[in-house]
1. In percent, how large is the relative contact order of the chain, given Cα pairs closer than 8 Å and 6 or more residues apart?
2. What are the trypsin sites (Lys or Arg not before Pro) within region 58-107 that DSSP puts in a loop, where the Cβ has at most 13 other Cβ atoms within 10 Å?
3. How large is the dipole of region 148-213 about the Cα centre if only Lys and Arg carry +1 and Asp and Glu carry -1, each at its Cβ, rounded to the nearest 20 debye?
4. Which shape class applies to region 148-213: rounded if a/c is under 1.5, otherwise prolate when a/b exceeds b/c and oblate if not, where a ≥ b ≥ c are the square roots of the Cα gyration tensor eigenvalues?
5. Mind checking the angle between helix 120-130 and the chain's longest principal axis? C-alpha axes, 0 to 90 degrees, to the nearest 10.
6. Hey, what number do you get for the chain at 222 nm if only DSSP H runs of n ≥ 4 count, each worth -39500 (n - 2.57), divided across all residues, to the nearest 500?
7. Using only Cα atoms, figure out Rg for the chain and give it as a multiple of 2.2 N^0.38 Å.
8. What is the dipole size for region 99-255, taken about its Cα centre, with +1 at each Lys and Arg Cβ and -1 at each Asp and Glu Cβ, in debye to the nearest 20?
Amino acid sequence: MCKGTEKEFGYEWDIYDEIIPLHEKQFQGWINPIPISFFRDKKFLDAGCGIGRNSLWALKAGAASCVAFDYDERTVGVARKNLKGFQNCNVEFRSIYDISYENEFDIVFSTGVIHHLAKPEEAVRGLVKAVKSGGTLIIWVYASEGNGRYLSFFNPLRKYLTSKIPLCITRMISKLMTAILKIYLLFPHENIYLNLLKERSFRHTEAMVFDQLLPTISRYFTKSDVLDLIAGLPVDLEHLTHTHGMSWTLVAKKR
């Protein structure tokens with residue numbers, strides 16, 4: 001991540017450190033149309049693992065082994081705690097720009113990371129290098145398409161205010177915004193994503209809102225931008241899904 005961004009998320013994960021069943025449903029949405037069963041007997045790399053919640057579900061699905069990494073000591077400590085029951089999982093302190101693995105993993109995935117990077121293309125090159133020939137790359141990023149309302153109001157709020165003030169104050173703002181959102185969610189909605197949010201507790205809705213307001217860098221990729229991430233790399237696109245109409249899931253196979 002860019003300098004400082006990993007520290008912002010380290011602060012977040014040190015507070016919101018628990019994994020809940022809803023995170024499994026969230027992960028399945030992010031890797032769609034790949035089923036969670038796809039991880040069975042495979043070796044995977046979780047690049048930017050946060051608290052380890054995505055690795056947890058892949059391991060529970062029967063993965064052979066995994067390496068998960070992040071770039072803040074607090075985050076790595078939480079991930080190690082959450083994944084301590086799996087002897088076949090190694091959690092590392094590592095930058096996504098410093099991936100030393102080459103042709104080693106059946107699956108490499110990075111969810112919710114690439115859009116917070118100063119150099120996303122460089123990071124993706126490293127991810128592709130780590131995938132075995134015939135292996136699978138999965139990337140999930142924010143979409144520009146479908147986020148017009150957010151980009152017109154909340155993104156400027158993050159960019160010019162909440163990413164610059166003390167994180168404890170940003171968290172207080174998140175609590176207030178969560179209360180407003182919870183009231184809004186009481187009304188009927190046709191939007192799939194809003195209906196998914198109804199399943200979250202106040203605390204985990206607050207964690208989501210805080211996650212949106214704190215990062216220094218938060219990119220929103222167009223379909224073309226996502227395709228550009230793998231342009232010229234030795235992979236073939238298999239799926240590009242406009243997930244929940246608000247994000248992009250890219251699945252590619254290494255040649």
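1. Taking the mean separation of contacting Cα pairs over the length of the chain, I get 22 percent.
2. Sites meeting the loop and neighbour criteria: Lys84.
3. On the way: 10 positive and 4 negative charges, 45 e Å.
Using only the charged Cβ atoms, the result is roughly 220 debye.
4. Here region 148-213 falls in the oblate category.
5. 30 degrees
6. Details: 10 runs with 103 residues, N = 255.
Roughly -12000 deg cm²/dmol at 222 nm, from the helical runs in the chain.
7. On the way: Rg = 17.4 Å, N = 255, 2.2 N^0.38 = 18.1 Å.
After normalising by residue count via 2.2 N^0.38 Å, the value is 0.96.
8. The dipole magnitude comes to about 520 debye.
The numbers here are math on the coordinates, done by the rules we state, and not lab data. No experiment lies behind these values; they were computed from the predicted model shown. Quick reminder, even Gly has a Cβ in these numbers, built from the backbone with ideal geometry, and neighbours come from all protein chains shown.
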